[in-house]
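What follows is a single structure, written as structure tokens, with notes after it.
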Amino acid sequence: MTIPDLDVAVIGAGLAGLATAHRLRRAGRSVQVFEADSRVGGRMAAGHYGGYRIDEGAETIALRGYPATWQLIRAVGLAPADVLPIPHSLALWRHGRAHAHLGHPRGLLSGAGMAARGRLDWLRFAADLGRDTDPERPEATRFRDLTIAQAAARYHPDLHDALLQPLAGCLFGWDTSRSALGPMAVLLAATGVGTRWLTYRDGMGALARALARQLPVTLDSPLAEATADPAGVRLAFADGRTLTARQAVLALPAPQILTLRPDLPEHERPYLTAATYTPMLKVACLLDRPLPSPTRSPSYGLIVPETESRLVSGVVLDHLKAPGRAPLGRGLVSVLISRHALPELLAAPDAEVIAAATAEAARFLPGLLGALRTAHVFRHPLGLPEATPEALRLRPGFLSRPRQAVDYAGDWLPLRPNSESAARSAVLAADRVLAALPQRVPV
């Protein structure tokens, strides 16, 4: 019998992979993590740029609806001071001005950019969210596999135009005519209306870095191929190395997995093919002074509907979101690019992206161009799961598939468009690995 080189190999040191390895190690398994990049974090990485702390993706966490994330936070020893409440809320740009408290009951008092009938239907929709909503089964909500646009047609048009589309377009990069409402609905129901949002003091990569400090991680190791082997799994890396593992977890986006598994079981292919992703493009603007809130009641971000801009879907004033994101007396603003502009800008030169993004964002944040010192562009061709109706329909069958030597983790499994989805997928993956082979095998 061939003795494998490794007990369990985890491919990918984003949050899903690191959380999977952490859970398996606590269960007594020997785990080695491999990461293609030169650092951990994946799409939840953060970096320091001349005194500015920049989140290269976009993420916040909530007090409610993030149980797997909070379990990890406690397990790695992050202190309460490491996770900070965001003191302000988001605003909506509509009809030529900013409206404070997007998605919060307080916004209804000031109009929320909606007609009176729209605000009433906002309340009706919020009540509907709480009916038969199981966060583990986004396919089983009362909205079934309807797209966001289809489900919103039951309500006043303002619910779509001033709430669902701006949130889905900015935060997830979704096209509401393609993405299903179910995954978004379970997220909204789990966090609750008017919930308190928080962020990591040291940037969105803080949890991933804390996990990695407790795990064996090999960086700069892109995988070329994973195939079944008599010893379990054969892993071929881009630099020519080959290793075998008793079991492996590919903690990668589904489109990547399709390219790495030449012997992919045919019963897995339909869901992996349906689990498509939307790209993300972000411009971080380093300012020589902090810009004020766009609303009288302070807002740290401004969501822009596609009816107002086809280039920018939102701006975040990071210096208002959390302390320490910009040097004292300076400012930091993130500009999120609309899906409509991605075909033209995703692969464009940085200078072109920065010029287009800042010129449009200055419409919503006066003074941006005058305060701009420099900017950095961050591209994520595989940003977030698109959560199409087809993926929603195929998901239950995929989760009940037979256990094999290769398993998966990633936000495309729970299909919830947030980091909790990655953390929850780690629980699913680790439990399947342990059920298939609960004992550590000497290697």
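None of the figures in this text is laboratory data; all of them are computed from the coordinates on show. Model, not experiment: these values are computed from the prediction. Don't worry about glycine lacking a Cβ; one is built from the backbone with ideal geometry, like all the others, and counts go over all protein chains shown.
By how many degrees, 0 to 90 and rounded to 10, does the Cα axis of helix 15-26 deviate from the longest principal axis of the chain? Relative to the chain, helix 15-26 is tipped by roughly 40 degrees. Look at the dipole of the chain built from charges on Cβ: of Leu317, Leu63, Ile303, the Cα furthest out on the positive end belongs to Leu63.
Charge dipole of the chain (Cα centre as origin; +1 on each Lys and Arg Cβ, -1 on each Asp and Glu Cβ, all else neutral): 1200 debye, rounded to the nearest 20. Arranged from fewest to most other beta-carbon atoms within 10 Å of their beta carbon, His267, His22, His156 become His267, His156, His22. Comparing Ala189, Ala224, Ala208 along the charge dipole axis of the range 151-261, the residue lying farthest to the positive side is Ala208, per the Cβ-charge model. The relative contact order of the range 89-247, computed from alpha carbon pairs under 8 Å that lie at least 6 residues apart in sequence, is 16 percent. Between helix 116-129 and the chain there is an angle of about 20 degrees, using the helix long axis and the longest principal axis of the Cα atoms.
Among the trypsin sites (Lys or Arg not before Pro) in the range 225-321, those placed in a DSSP loop whose Cβ has at most 16 other Cβ atoms within 10 Å are Arg241, Arg296, Arg310. In this Cβ point-charge picture (+1 for Lys and Arg, -1 for Asp and Glu), the range 149-220 has a dipole of about 280 debye about its Cα centre. DSSP assigns beta bridges within the chain; of those with both partners inside it, close to 70 percent run antiparallel.
How far, in degrees from 0 to 90, does helix 181-191 lean away from the longest principal axis of the Cα atoms of the chain, to the nearest 10? Roughly 80 degrees between the two axes. Derived value for the range 33-78: Kirkwood hydrodynamic radius 12.9 Å. Basis is the mean of 1/r over every pair of different alpha-carbon atoms.
Less than 5 angstrom separates the built amide H of Val10 from those of Gln32, Val33, Phe34, Val249, all sequence-distant by 5 or more or on a different chain.
Computed over the range 82-155, relative contact order equals 16 percent, with contacts defined as Cα pairs under 8 Å that lie 6+ residues apart. Under the simplified labelling scheme, the His340-Ser30 pair shows an inter-label distance of 5.7 nm, with each label point 7 Å from Cα along Cα→Cβ.
What residues have an amide H closer than 5 Å to that of Arg53, excluding those fewer than 5 places away on the same chain, when H is modeled at 1.01 Å from N in the peptide plane? Close amide H contacts, sequence-distant or interchain: Ala326.
The DSSP beta bridges internal to the range 1-88 are antiparallel in roughly 45% of cases. Relative contact order, whole percent, for the chain stands at 25, derived from Cα pairs under 8 Å and 6 or more residues apart.
Note on the range 157-213: along the principal axes its Cα atoms extend 47, 25, 17 Å, ordered by decreasing extent. Quick one: Cα centre-to-centre distance for the range 370-431 and the range 305-334, in angstrom? So the separation of the two Cα centres works out to 25 Å.
Counting beta carbons within 10 Å around each of Leu215, Leu368, Leu302 and listing the fewest first gives the order Leu215, Leu368, Leu302. Look at the dipole of the range 1-137 built from charges on Cβ: of Thr133, Pro105, Gly50, the Cα furthest out on the positive end belongs to Pro105. Pair-distance distribution P(r) for the range 17-165, from all Cα-Cα distances in 5 Å bins starting at 0: 2, 7, 11, 14, 14, 15, 14, 11, 8, 4, 1, 0 percent.
Remark: the range 124-185 carries a charge dipole of roughly 120 debye about the Cα centre, counting +1 on each Lys and Arg Cβ and -1 on each Asp and Glu Cβ.
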